[in-house]
Structure formats: structure tokens, C-alpha cells
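In what follows, a single structure is set out as C-alpha cells and then discussed.
Read the figures in this text as sums done on the coordinates, not as results from a lab. Model, not experiment: these values are computed from the prediction. Here the Cβ is made from the backbone with ideal geometry for all residues, glycine too, and neighbour counts use every protein chain on show.
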């Protein structure tokens, strides 16, 4: 969105909040000495059966996220839900259902089911506190999912979500599996004029057994020189995280400009964008003077380049029905749940076959 209204992070190290379902700690009894491991084959088999079916002696069952096999495909969606934007119809920055976070989360959960997603990235989201977007999302997704949230500040230097919303501003990554590594940093340089304290995080998460790390960010709007530096920092951070973990990464977010914008050129050195999203309409801004909504392409999904130059994407698209296209005028009912539309993509987790090779991907 063009108004720098929400997502931000504390100076170079954003606070990261990690949410996951039940842990397996305490599932097995302590073994204080070596003599206790000398047991019969039958006893060992019985113990293994207890582990497979649930913990003995009243312990909790294994965390479902711990036991999920690695998926064959990365199926993810990205959405700027404008969760903390203005809620007054007719004013700049209006976003539908701002005061009803549960309705936005219901739509996210429905999108996960519709697209059979195993990863989700979100911008302009309030996190951690009970009743916040992140807490509601964690509950809606269930115990097989893990959610990581990076916190930041608005231009006036505050992070707390306003006017009745709970938690702190930020971005979030959810994966259906166990998170084994996550990291975030503020990518936005300081305001040289000293007027804004806004900071914008880039957050990366890696799940157990996944070839791809999942990263997301929110880029500052406008033509200021800070934008190019921010994008370069995002690129370097994501590539560095990927090289130290899974080797590949997907980068999503609200980039506040179309895919051909000069400020996004640094990404071309290490990433490719899914072709179907390069000019897709993902945001509509109401023009009061002209009395119409103006379409823009602001939300993108990038993937690190394949070793031999193959297209890493299988398919991608836009969930336009969730974007509000109604006039931003008093008395008008919204037609969607955000001023942005979700974008989604599917990428094979395995090696992509060279061009011309036999074989067919799943539909």
C-alpha cells in the first residue's frame, strides 16, 4: 500500500516471537545411568510402541509438527491483510474489517484450505498477545503449524497496535511443520531527516526437511533513496539466510511498486518472479477526484534462481475475490477483506528437471 502505515521493526534486530503447538519434552522418562538402557527386546519394543502412539505415564502426545514428512511441493500464499490500518470509511488508509481481526483470520484459514497451503506469509499483522491476528491465526491453523512473527515500529516510533487491537505490528510466516531456524533484521535505513522512526523487517524461516526457506518483507513506498538500500539489504539477508540453511528461498511481500520498477532491479541478481504475477492487479487505491479505484501490482513472490536457469515455479496466481474494490465512500459496504489481494504460488521441493526433460509435475 502507498501509505507507510504499519509494518516495522526495532532497529537492526527485530524481536521475533515464535509460536508452535505441543512440545515432546517430557515424553520419555529420564535415564540417569547406562544400566537402565540394558533392557529386553520386548521391553524396548513396548517402549517404542508407547512413543509411536503417545507418551507414557500421562505425558503429552508428540507435537504433530514434529512428525510431518517434508512436502513434495511448497504451496504458499502471501497477503497484506492491512490489519492495523485505518477503519474509518472515506478516509485515506481505510481497510475493511479493521476492527474485526477474527474475520480476516477466517479468510486466511479458508485460503489455506482452498489452496492446500503449507506456508503462509502476512504483512501488517498484530502479533503475540491473546486475541491478536497471530494468536488467532495459530489457533485457526492448528497444532501442525508453526508461526513466527517479527515486530517493528510505525513512523512515530511505536509498535503497539492501536484502537483496541492487541499485540505489536509486524510481519509473520506460518509453515506446516517444525521450524528449525528463523531470523529477522530491520532492512530500512534511518530517515536522514530524522523525522521518521519507522523500521521494516525482513523475516526468514526454515522448516524441518524443506528445501526452501520462506521469507517475507514490506518495502517502503515512494521514490526516496532509502528504498533502493532497503531492497538491497533484503536481497542480501535472504540470500545469506538461504545459503546458510536450505540453499534456496522464496521471498514474498508488499513491495509497494510493480515488478518492473527500477528500485526492484537489485532482486534480479539472485531471484526470479513468478511470471503470472509480474503485472497482476493485487491492490486498488480509491481515487477521490476521479471517483474510481486505480489498480496496481504491488505484491510479489520471488524465488532464488535455479542452478541451470530453470523456472522454479510450477504455477501462481491472485485471489482477487478477497480484495476490496468498493468505493471508499461513507455508506459503502466492502466487497473484500483487505485493500490487497492474496497472491499464491506452487514450487516443487525437488530439483526442477532441465528444459526438455521428460516427466510431468502434479497438477
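Under the 0.36 nm per residue contour assumption, what length would be gained going from the current alpha-carbon distance of residue 258 and residue 278 to full extension? Provide the component values of the computation, followed by the final result.
Values: separation 20, 0.36 × 20 = 7.20 nm, distance 0.72 nm.
Full extension of this stretch gives 6.5 nm more.
Could you please rank 116, 340, placing first whichever residue has the fewest other Cβ atoms within 10 Å of its Cβ? Don't jump to the answer; show the numbers that get you there.
Details: 116 11, 340 27.
Ascending Cβ contact count within 10 Å gives the list 116, 340.
When 272, 88, 151 are ordered from fewest to most other Cβ atoms inside 10 Å of their Cβ, what list results?
On the way: 272 17, 88 12, 151 26.
Going from least to most buried by this count: 88, 272, 151.
I want to check the label-to-label distance for residue 114 and residue 100. Put each point 7 Å from Cα in the C-beta direction and report it in nm to one decimal.
Calculated label separation equals 1.7 nm.
Once you order the gyration tensor axes a ≥ b ≥ c over the Cα atoms, which shape class does the stretch 237-338 get: rounded for a/c under 1.5, otherwise prolate or oblate by comparing a/b with b/c?
Values: a/c = 2.77, a/b = 2.45, b/c = 1.13.
Prolate, because a/c is 1.5 or more and a/b exceeds b/c.
Using Stokes-Einstein with the Kirkwood hydrodynamic radius over Cα pairs, what translational diffusion coefficient do you get for the stretch 168-256 at 10 °C and a viscosity of 1.306 mPa s, in µm²/s rounded to a whole number?
Values: Rh = 13.6 Å.
Once the numbers are plugged in, D ends up at 117 µm²/s.
Along the Cα-to-Cβ line of residue 287, 7 Å from the Cα, sits a label point; which residues in the stretch 81-120 have backbone N less than 19 Å from it?
Residues 90-94 fall inside that zone.
Just order 142-149, 64-71 by mean Cβ neighbour count inside 10 Å, highest at the front, would you? Walk me through the numbers on the way to the answer.
Working: 142-149: 22.6, 64-71: 15.9.
Descending mean neighbour count gives 142-149, 64-71.
Computed over the Cα atoms, what is the radius of gyration of the stretch 106-177 divided by 2.2 N^0.38 Å, N being its residue count?
Numbers: Rg = 12.4 Å, N = 72, 2.2 N^0.38 = 11.2 Å.
Rounded to two decimals, the normalised Rg is 1.11.
Quick one: 180, 81, 231, fewest Cβ neighbours within 10 Å first, how do they rank? Intermediate results must be reported in sequence, preceding the final value.
Details: 180 14, 81 29, 231 23.
The order, fewest Cβ neighbours first, is 180, 231, 81.
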